[in-house]
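Shown next, in structure tokens, is the structure this report addresses.
The values are calculated or read from the model by the stated rules, or taken from the named source; none is laboratory data. Remember, it's a predicted structure, so these values are computed and weren't measured experimentally. FYI the Cβ positions are ideal-geometry reconstructions off the backbone, even for glycines, and counts take in every protein chain you see. With ligands, DNA and RNA removed, areas are computed over all heavy atoms of the protein, side chains included. Shrake-Rupley method; radii C 1.70, N 1.55, O 1.52, S 1.80 Å.
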Amino acid sequence: MYCKSSPSSGDSPVPHRKSQAPLRRGAATIAITLALAGCAVGPDFKSPALPQAANGPYTESPLPAATASARSEHVGPAGTSQRLASGQPLPEQWWTLFRSDQLDRLIRAALQHNPTLDAAQAALTQARENYNAAAGSTYYPAVNAQLGGGRQRAILTGTTPNEFNVYNATVNVSYTLDLFGGERRQLESLMAAAEYQRFQTEAAYQTLIANVVTSAVQEASLRGQLQATQELLKAQEEQLRIVDKQVTLGAQPRSAALTQGTLVAQTRAQLPPLDKALAQTRHQLAVFVGRFPGETGLPEFQLDSLQLPAELPISLPSALARQRPDIRASEALLHQASANVGVATANQYPQITLSGNYGTQHTVLPGMDIGNTLWGLSAGLTQPLFNGGALSAKRRAAEAAYQQAEAQYRSTVLKAFQNVADSLRAIDADATALKAQADAEAQA
């Protein structure tokens with residue numbers, strides 16, 4: 001529990017008068033109330049610190065300063081060595097490192113028209129407005145105006161019935177004092193929920209960009225495989241024609257033609273799956289940019305239109321937790337769970353509500369207008385006495401939810417470091433495998 005209070009000012013030198021005693025008591029009550037209003041029960045959230053092991057390298061064994069080079073006549077720019085630049089910041093528009101104008105235009109179109117991003121942005125707006133609504137009712141009193149009017153008829157025994165009009169206008173003001181910070185903890189929870197949604201929106205942006213880049217590279221790869229398979233099929237069909245002539249002339253047995261024909265059929269059978277995968281990839285790209293699969297105008301990607309970046313910026317392990325939106329979103333959920341513990345704790349303490357009203361009432365009789373002024377002040381206190389242990393159980397449940405969120409945060413951090421380590425190892429291993437394949441091709 002923490003408290004915030006401002007220093008009180010001294011009394012002004014005015015004469016003591018009996019009529020001022022109620023005012024002084026009211027002022028003292030307000031001062032005490034405002035001082036108590038700065039207290040909030042429950043834990044104060046602090047961003048969790050990463051363990052010391054998180055400051056070390058991403059992988060168990062050190063990575064090379066640069067990947068293996070596989071430049072050759074057939075491999076081309078794809079075999080260029082890449083330098084691992086540790087500690088350098090990743091550009092915000094990191095996809096421009098591929099130096100493809102088509103890819104850049106496609107990603108910008110996806111960011112503008114993708115419905116998933118629109119849904120994430122709307123969810124973020126909803127979370128922020130929920131916080132604004134709760135903040136308005138917490139920091140300011142509720143003020144309501146009421147107007148009414150009616151016509152009545154009164155019949156007194158032995159008199160003539162009288163009809164008259166009645167009008168009233170009233171202003172009601174009510175405010176619940178947040179003595180133990182329950183409402184402020186609730187606001188803290190809503191703010192954490194808005195932060196969570198903000199990082200979820202950022203993650204949606206980054207995921208969409210990564211999916212577009214991955215699909216574009218996959219399309220280029222499938223086109224390269226199709227082209228290579230078609231060239232191989234053409235060479236095998238030409239070889240089949242040569243073998244058929246040799247069989248006709250008696251230079252080759254019939255089994256040689258059958259073997260070559262089987263090889264041609266097997267290679268030809270590889271084309272339909274590649275065509276299907278390419279079509280599905282194109283359909284997915286169209287959906288990413290908010291188009292229907294049947295629409296035209298989608299760019300086509302080739303392997304030679306994409307260039308690998310010469311340098312790969314790698315964030316320091318100590319900075320990763322503040323950069324990845326998935327970790328920040330998990331931290332926001334942990335913050336929300338911490339605030340909910342404060343809410344459950346504050347519900348066990350008393351609540352004081354102040355209310356007041358001021359209004360007028362007019363009764364209009366024939367030839368007469370009777371006006372009344374009405375006002376009232378009231379205060380109410382609610383103290384939980386017995387609820388079958390429900391409030392204590394809710395607090396224990398909130399504490400358990402915090403422990404769960406803390407464990408999920410640690411799990412998210414571990415998975416994030418695993419993803420980076422896997423990616424770095426994959427980059428190094430793939431470059432080495434490409435070099436080995438290029439050497440094998442040269443030997444062949």
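Structural remarks
- Residue under evaluation residue 434, criteria (1) among the hydrophobic types (A, V, I, L, M, F, W, C); (2) more than 30 Å from residue 64 (Cα to Cα); (3) in contact with a helix residue (DSSP H, G or I) (Cβ under 7 Å, 6 or more places away or on another chain), criterion not met: (2)
- Some residue of segment 290-308 being surrounded by 18 or more Cβ atoms within 10 Å (Cβ to Cβ), of a type in the set (Ser, Thr, Tyr) and in contact (Cβ under 8 Å) with a residue 60 or more places away in the chain: no
- Some residue of segment 227-236 being at pLDDT below 95 and closer than 29 Å to residue 94 by Cβ: yes
- Scanning segment 37-66 for residues that are open to solvent by less than 60 Å² (accessible area, probe 1.4 Å) and under 30 Å from residue 422 (Cα atoms) gives 48, 50, 54, 56, 58, 59, 61, 63, 64, 66.
- Each residue in segment 402-421 was checked for being acidic (Asp, Glu) and modelled with pLDDT under 95, and 0 of them qualify.
- The test for being at pLDDT below 90, open to solvent by 70 Å² or more (accessible area, probe 1.4 Å) and within 34 Å of the chain's Cα centre (by Cα) does not hold for residue 312.
- Any hit, segment 347-360, residues being touching a Lys or Arg at 6+ places or on another chain (Cβ under 9 Å) and at pLDDT below 95: yes
- If the condition is being closer than 22 Å to residue 332 by Cβ, of a type outside the set (D, E, K, R) and in contact (Cβ under 8 Å) with a residue 40 or more places away in the chain, then segment 390-410 contributes 397, 398, 401, 402, 404, 405, 408, 409.
- Test for residue 151: is it under 30 Å from residue 310 (Cα atoms) and either out of contact with any Leu (no Cβ under 8 Å at 6 or more places or on another chain) or open to solvent by 50 Å² or more (accessible area, probe 1.4 Å) (or both): no
- Sole residue being of a type in the set (S, T, N, Q), out of contact with any Leu (no Cβ under 7 Å at 6 or more places or on another chain) and farther than 30 Å from residue 115 by Cα, chosen from 266, 280: 266
- The residue of segment 363-381 that is nearest to residue 170 (Cα to Cα), among those that are surrounded by 11 or more Cβ atoms within 10 Å (Cβ to Cβ) and among the β-branched types (Val, Ile, Thr), is 363.
- Residue 167 vs. criteria surrounded by 13 or more Cβ atoms within 10 Å (Cβ to Cβ), more than 33 Å from the chain's Cα centre (by Cα) and farther than 26 Å from residue 353 by Cβ: yes
- Options 333, 374; residue that is at pLDDT 95 or above and either in contact with a strand residue (DSSP E or B) (Cβ under 9 Å, 6 or more places away or on another chain) or not β-branched (Val, Ile, Thr) (or both): 333
- Restricting segment 95-146 to residues that are more than 30 Å from residue 168 (Cα to Cα) and in a loop (DSSP other than H, G, I, E, B), the residue that is most open to solvent (accessible area, probe 1.4 Å) is 99.
- Any chance residue 257 is more than 30 Å from residue 308 (Cβ to Cβ), in a helix (DSSP H, G or I) and modelled with pLDDT of 95 or more: no
- Flag if residue 439 is open to solvent by 40 Å² or more (accessible area, probe 1.4 Å), at pLDDT below 90, closer than 30 Å to residue 312 by Cβ and in a helix (DSSP H, G or I): yes
- Conditions (1) open to solvent by 70 Å² or more (accessible area, probe 1.4 Å); (2) under 27 Å from residue 66 (Cα atoms); (3) within 24 Å of the chain's Cα centre (by Cα); number of the one not met by residue 410: (2)
- Qualifying residue in segment 347-361 (condition: farther than 30 Å from residue 332 by Cβ and loosely packed, with under 13 Cβ neighbours inside 10 Å): yes
- Sole residue being in contact (Cβ under 8 Å) with a residue 24 or more places away in the chain and of a type in the set (Val, Ile, Thr), chosen from 170, 207, 214: 170
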